[in-house]
Amino acid sequence: MLRDDMTPMTYRIRFLDNDIERTQYSDDRRYYEQLIAQHGHLSDLQIEPLTLTPEQQQRLDAIKGADVSAHDAGVYVQYGTTESDDTAFFDAVKLLDYQRAQVEPHVKAQRKKAEALGVTVKGVRYDGSPSNRNAIQEALNAVNHSGATEFPVWKCSDNHTHANHPASDVLEALIKIGQRRSVLIAKEAEYIELAAAGDADVMALDWATVYDN
């Protein structure tokens, strides 16, 4: 976030790295534009000018003359604490906010991946991704408007077609997807707290739910 001379960098840069949200700070936007273009696992590049809030500017003014690293100063500007515990600016309570921010993108990406697995109802799988949830809702709206009780042809998330597929099964799946998603979101919040406190390994989280098949 800060250069070695304790001045803010020019840009805040966000992108996805294998669906994990990354945030970087740099003066060289072209480097990241080329990086994302050259690597298929990187996507959704967003570059914006870095502008400090009034509170962040006050923190920067307070710490810029201190004998701390640019990294610690940047953490302090954002979270109100240094990461190092041997400075006058360290705050153990605020450090948890910083630690949450470090683990949240990893946990969130895992939750979204688990969510996308969806549910199976009567042998038919329904993807739980946002786009498929919307598609299911649109299909149900259409069939309800027509007064029909079946879909003449239903293409499931395993790319199989099902003739005369009951709308009631599709509705059951959508409800189940929503229930499963609620459990996963609760797990995400719990895991972020545990991982931030050092009580959980983000690479060994259990995303099983009672709605799994």
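Within the set 29, 59, the sole residue that is farther than 25 Å from residue 196 by Cβ and among the basic types (Lys, Arg) turns out to be 29. Screening residue 133 with (1) farther than 27 Å from residue 202 by Cβ; (2) not in a strand (DSSP E or B) gives one miss only, at (1).
Could you tell me whether segment 91-105 includes any residue that is among the aliphatic types (A, V, I, L, M), over 20 Å from the mean Cα position of the chain (by Cα) and buried (at least 16 other Cβ atoms within 10 Å of the Cβ)? Yes, there is a match, as at least one residue in segment 91-105 is among the aliphatic types (A, V, I, L, M), over 20 Å from the mean Cα position of the chain (by Cα) and buried (at least 16 other Cβ atoms within 10 Å of the Cβ). Taken together, the criteria exclude residue 74 from residues that are modelled with pLDDT of 95 or more and at positive phi. Here residue 124 passes the criteria (1) in contact with a helix residue (DSSP H, G or I) (Cβ under 8 Å, 6 or more places away or on another chain); (2) surrounded by fewer than 17 Cβ atoms within 10 Å (Cβ to Cβ); (3) β-branched (Val, Ile, Thr) except the one numbered (2).
For segment 152-183, which residues satisfy the criterion of being under 26 Å from residue 101 (Cα atoms) and surrounded by 19 or more Cβ atoms within 10 Å (Cβ to Cβ)? Those that are under 26 Å from residue 101 (Cα atoms) and surrounded by 19 or more Cβ atoms within 10 Å (Cβ to Cβ): 180, 181. The sole residue among 11, 31 that is farther than 17 Å from residue 98 by Cα, in contact with a helix residue (DSSP H, G or I) (Cβ under 6 Å, 6 or more places away or on another chain), at pLDDT 95 or above and not hydrophobic (A, V, I, L, M, F, W, C) is 11.
Mind listing whichever residues of segment 6-26 are within 23 Å of residue 62 (Cα to Cα), of a type outside the set (A, V, I, L, M, F, W, C), part of a loop (DSSP other than H, G, I, E, B) and touching a residue at least 24 places away in the same chain (Cβ under 8 Å)? Listed by number, the list holds a single entry, 10.
When restricted to residues that are within 21 Å of residue 109 (Cα to Cα) and out of contact with any strand residue (DSSP E or B) (no Cβ under 7 Å at 6 or more places or on another chain), segment 39-59 contains 2.
The values are calculated or read from the model by the stated rules, or taken from the named source; none is laboratory data. Keep in mind that what you see is a predicted model, and the values were worked out from it rather than measured. All Cβ positions, even for glycine, are placed from backbone atoms using ideal geometry, and neighbour counts span all protein chains on display.
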